[in-house]
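Asks: Sharing a structure with you now.
No value in this document is a laboratory result; all are computed from the given coordinates. These numbers were taken from a predicted model, which means no experiment stands behind them. Neighbour counts run over all protein chains shown; Cβ positions are idealised from the backbone, glycine included.
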């Protein structure tokens, strides 16, 4: 462990800089798994991913393999992925259906979908032993706490702490807007998932989500390609959507600085939307469905909330404008898995969902022209931070100029407020044994 770690976690984070070891030291990563991912509310999945009895969705909470499963009576339970008998993992695939009962593939112990033991083979062999089917020790263990907010399921490995809504605080408005954009007020996961392996620390990805000073540099090649393609289209009056969402990264610094950055307690934040609300036929049809459901005034309130990336620290990032959700799964100090899900807005035109799929493929796909730019830079950051070329990482931009609001701070678009806010939460989690 770096000598600074032995001096105390507090010495690694200062108001305008952080020590490189927070990204590169495996011992610090181990501590994060215990003190952050072992305490915070972590996103598990969406209720729509388990629509039928027996449906399950597997996830990670830190290093803990868990799965949420739909019970026959309709409830959703989040369980540790471990049989109470010999410890075998109960489900192997990302998604599936266990049937009426969860059956261990090793010795055939059966459990109800709430984790309680249902049956064991050769029951008479346990007579006169300490085996007790009513003892929770012989059931699948449930996570200490789980809660759902508008269908988004979170779990915590800590028995105590703030409830989910208190934890979310002001960032609840991003999840609210995500669902309110659906005429029926609900969303559902649809269209599959991208899983992207990144050779970098999980915090590098999280910091970049609200980093507005990188797009015109990191994405220069893809921006230039989009502009060249548009120019070759011989005077098309309007840039096609597929090119527009790439070319938008090429806006000048003045554009980005006019955006709003908002940071809340617990490390959450969001940045204002970078795309002008579209007036194409798909969007106009969507607006009409919202008016029919909510009325004109409420529809305008919903559409007035325009956000690009929101961050629910430390596990996920909703993008309300294009119905995306990125889920962060730290694997090692220099390895992160990111899952990208697309959602359908219930009651909205199908063309709106198809546009979200297009956005996912053009921007968030590992084979797109955009995401590989980021992944390459993340890896270079990790490689550089593992050298002895410097001890500190700068978070100085607009430091000391953050303006307080209820539950957090607000700043101009180029501010590094979101990064400082994440490390404020990081230090709070890590300082408590």
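Asks: Any idea how far apart residue 27 and residue 291 come out in nm if each label point goes 7 Å out from Cα toward Cβ?
Replies: Calculated label separation equals 6.4 nm.
Asks: Below 8 Å between Cα atoms, with a sequence gap of 6+, how large is the relative contact order for the chain in percent?
Replies: 21
Asks: Give me the compactness ratio for the stretch 169-430, meaning the Cα radius of gyration over 2.2 N^0.38 Å.
Replies: Working: Rg = 18.5 Å, N = 262, 2.2 N^0.38 = 18.3 Å.
Normalised Rg, Cα atoms only: 1.02.
Asks: What is the fewest-to-most order of 175, 417 by other Cβ atoms lying within 10 Å of their Cβ? Before the final figure, lay out each step's value.
Replies: Working: 175 21, 417 27.
Starting with the residue having the fewest Cβ neighbours, the order is 175, 417.
Asks: For residue 160 and residue 427, calculate 0.36 nm times their separation in residues minus their Cα-Cα distance, and state this gained length in nm to one decimal.
Replies: Working: separation 267, 0.36 × 267 = 96.12 nm, distance 1.91 nm.
Net length gain for the segment: 94.2 nm.
Asks: Now, a different point. Pairs of Cα atoms under 8 Å, at least six residues apart: use those to get the relative contact order of the stretch 50-129, whole percent. Walk me through the intermediate numbers first.
Replies: Working: 143 pairs, mean separation 19.3, N = 80.
Worked out over the stretch 50-129, it gives 24 percent.
Asks: Please give, to one decimal in nm, the separation of the simple spin-label points placed at residue 367 and residue 16, each 7 Å out from Cα toward the Cβ.
Replies: Taking the simple label geometry, residue 367 and residue 16 are separated by 4.7 nm.
Asks: Here's something else I'd like to know. Which angle between 0 and 90 degrees, to the nearest 10, do you get for helix 417-430 versus the longest principal axis of the chain when only C-alpha atoms count?
Replies: 20
Asks: Beta carbons within 10 angstrom, averaged per residue: use that to sort the peptides 69-75, 332-338, highest first.
Replies: On the way: 69-75: 14.7, 332-338: 18.4.
The peptides rank, most packed first, as 332-338, 69-75.
Asks: For the chain, what does the helix formula give at 222 nm: sum of -39500 (n - 2.57) over DSSP H segments with n ≥ 4, over the residue count, nearest 500 deg cm²/dmol? Display every interim value, and only then the final one.
Replies: Working: 15 runs with 130 residues, N = 433.
Result for the chain, helices only: -8500 deg cm²/dmol.
Asks: Something else about it: What does the highest-first list of 25-33, 419-427 look like by mean Cβ count within 10 Å? Write down the numbers at each step before the final one.
Replies: Details: 25-33: 17.1, 419-427: 21.9.
Final packing ranking: 419-427, 25-33.
Asks: Please sort 311-319, 290-298 by packing, taking for each peptide the average over its residues of neighbouring beta carbons within 10 angstrom, highest first. Working shown, then result.
Replies: On the way: 311-319: 25.8, 290-298: 13.7.
Highest to lowest by the protection proxy: 311-319, 290-298.
Asks: What full-extension length gain, to one decimal in nm, is calculated for residue 304 and residue 130 as 0.36 nm per residue of separation minus the Cα-Cα distance? Kindly include the intermediate steps, with their values, before the conclusion.
Replies: Details: separation 174, 0.36 × 174 = 62.64 nm, distance 6.23 nm.
Length gained between residue 304 and residue 130: 56.4 nm.
Asks: Same structure, new question: What Kirkwood hydrodynamic radius, in Å, does the stretch 42-156 give when the mean of 1/r is taken over all pairs of distinct Cα atoms and then inverted?
Replies: On the way: mean 1/r = 0.0696 Å⁻¹.
Taking the inverse mean of 1/r over all distinct Cα pairs, the stretch 42-156 comes out at 14.4 Å.
Asks: Using R₀ = 25 Å, calculate the FRET efficiency as 1/(1 + (r/R₀)^6) where r is the Cβ-Cβ separation of residue 357 and residue 224; round to 0.05.
Replies: Numbers: r = 25 Å, r/R0 = 1.01.
According to the calculation, E is roughly 0.50.
Asks: Report the residues of the stretch 125-156 in range of a label on residue 101: point 7 Å along Cα→C-beta, backbone N strictly under 18 Å from it.
Replies: Hits in the stretch 125-156 for residue 101 at 18 Å: 125-127, 131-141.
Asks: Expected output is a single nm value to one decimal: the length gained when fully extending between residue 331 and residue 150, i.e. 0.36 nm times separation in residues minus the C-alpha distance. What is it?
Replies: Values: separation 181, 0.36 × 181 = 65.16 nm, distance 2.80 nm.
Extra length from residue 331 to residue 150 when fully extended: 62.4 nm.
Asks: With the crude spin-label approximation of a point 7 Å out along Cα→Cβ, what separation in nm comes out for residue 275 versus residue 386?
Replies: With each label point 7 Å from Cα toward Cβ, the separation is 3.6 nm.
Asks: In degrees, nearest 10, range 0 to 90: what is the angle between the Cα axis of helix 26-35 and the longest Cα principal axis of the chain?
Replies: Rounded to the nearest ten degrees, it is 70.
Asks: Could you put 131, 138 in order, starting from the residue whose Cβ has the fewest other Cβ atoms within 10 Å?
Replies: Values: 131 14, 138 17.
In increasing order of surrounding Cβ atoms, one gets 131, 138.
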